[in-house]
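Reviewing the structure listed below.
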Amino acid sequence: MAFANSLLSSSSSPSQIPHGSKDFNSTPLIISPHERSAFTFSPIRNKFSELGIGVIGSSRKKNILYASVNDLNASASSTSLKSEQDADSVPMPVVLIDQDSDSDATIVQLSFGDRLGALIDTMNALKHLGLDVAKGTVLTDGPVKQTKFFITRLDTGRKVEDPDMLERIRLTIINNLLKYHPESSERLAMGEAFGIKAPEKKLDVDITTHVHVKEDGPKRSLLCIETADRPGLLVEIIKIIADVNIDVESAEIDTEGLVAKDKFHVSYRGAALTSSLSQVLVNCLRYYLRRPETDIDSY
């Protein structure tokens, strides 16, 4: 399947115990309060050159705690308050698309702390893309619940190889997160335009973008990209790689909150990239990804 067709189709006063209290007779202890956040494109060998495209902010007033069972009550209250604050914090949403682990299916792994339910609506939304979706394992890693899907195309029964469709899968999942878990908007790049609350943390694309190529045997190299996430990013990356006439054999597309962390196994004419070709690829990707408003044909 040629990538060309695929791409073109496409964050008071001290408190006191009343005098004469029968519960305590100890001397008050004065304590100052503390101040306190792979696509295995079944080996694709198409010609890419044909693409052409406690602790709360408090006052300075002192609290008087008596060396007694009151200390235990204060500690318990602080622990309870901390638990409530942890429960209120928004977990990191993670969408991982793995094209490397299974030769027959695209694996999608989704997590959002422990807040995800059965994800029936997400599965139905993916099926509307012409996909067959089977829910796999649900793993718990501490406070994080990870749900895994196995996805194939309805028309062929094979894994998804089209990068444009892979991007649609990613954006569909993120869109459902925003719809059914609107609090996730402050931790997702798409929350800026479509969420109830835009991310407070703004990423500097120049600082966030990192691109490098590693050796991965004599026949392929490993391209690692980390940059600020945005819609259409995957297709843009694939096109840049294609324009340098480099083949993508497999990939892992990882969206962690506001950041995209992608890995691609790449080769040139069946061999690993030379150091000079690796540098050309890195320079092209850095130039474009750090300046997304630049015309892609201008680099």
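Considering only residues that are out of contact with any Phe, Trp or Tyr (no Cβ under 9 Å at 6 or more places or on another chain), open to solvent by 20 Å² or more (accessible area, probe 1.4 Å) and in a helix (DSSP H, G or I), which ones fall in region 270-287?
Residues satisfying the conditions are Ser275, Ser276, Gln279, Val280, Arg286.
Confirm whether Asp132 is surrounded by fewer than 19 Cβ atoms within 10 Å (Cβ to Cβ) and either of a type in the set (Asp, Glu) or touching a helix residue (DSSP H, G or I) at 6+ places or on another chain (Cβ under 7 Å) (or both).
Yes; evaluated as a whole, the condition is true for this residue.
Out of (1) of a type outside the set (Asp, Glu); (2) closer than 17 Å to Lys261 by Cα; (3) outside any helix (DSSP H, G or I), what's the single condition that is false for Ala134?
All conditions pass for Ala134, except number (2).
Looking at region 183-202, I want the residues that are surrounded by 15 or more Cβ atoms within 10 Å (Cβ to Cβ) and have a partner that is modelled with pLDDT under 80 and among the hydroxyl-bearing types (Ser, Thr, Tyr) with Cβ atoms under 8 Å, at least 6 apart or on another chain. Which pairs are those?
Glu186/Ser11; Arg187/Ser11; Pro199/Ser11
I'm trying to understand the selection: among the residues of region 214-228, which are over 14 Å from Ala251 (Cβ atoms) and in contact with a Leu (Cβ under 6 Å, 6 or more places away or on another chain)?
Correct list: Lys214, Thr227, Ala228.
If I filter region 113-129 down to residues being open to solvent by 50 Å² or more (accessible area, probe 1.4 Å) and part of a helix (DSSP H, G or I), which single residue comes out as nearest to Ser184 (Cα to Cα)?
Once the filter is applied, the top-ranked residue is Asp121.
The values are calculated or read from the model by the stated rules, or taken from the named source; none is laboratory data. Source: prediction; values computed, not measured. Note: ideal-geometry Cβ built from the backbone for every residue, glycine included; neighbour counts use all protein chains shown. Only protein heavy atoms, including side chains, enter the accessible area calculation; ligands, DNA and RNA are left aside. Shrake-Rupley method; radii C 1.70, N 1.55, O 1.52, S 1.80 Å.
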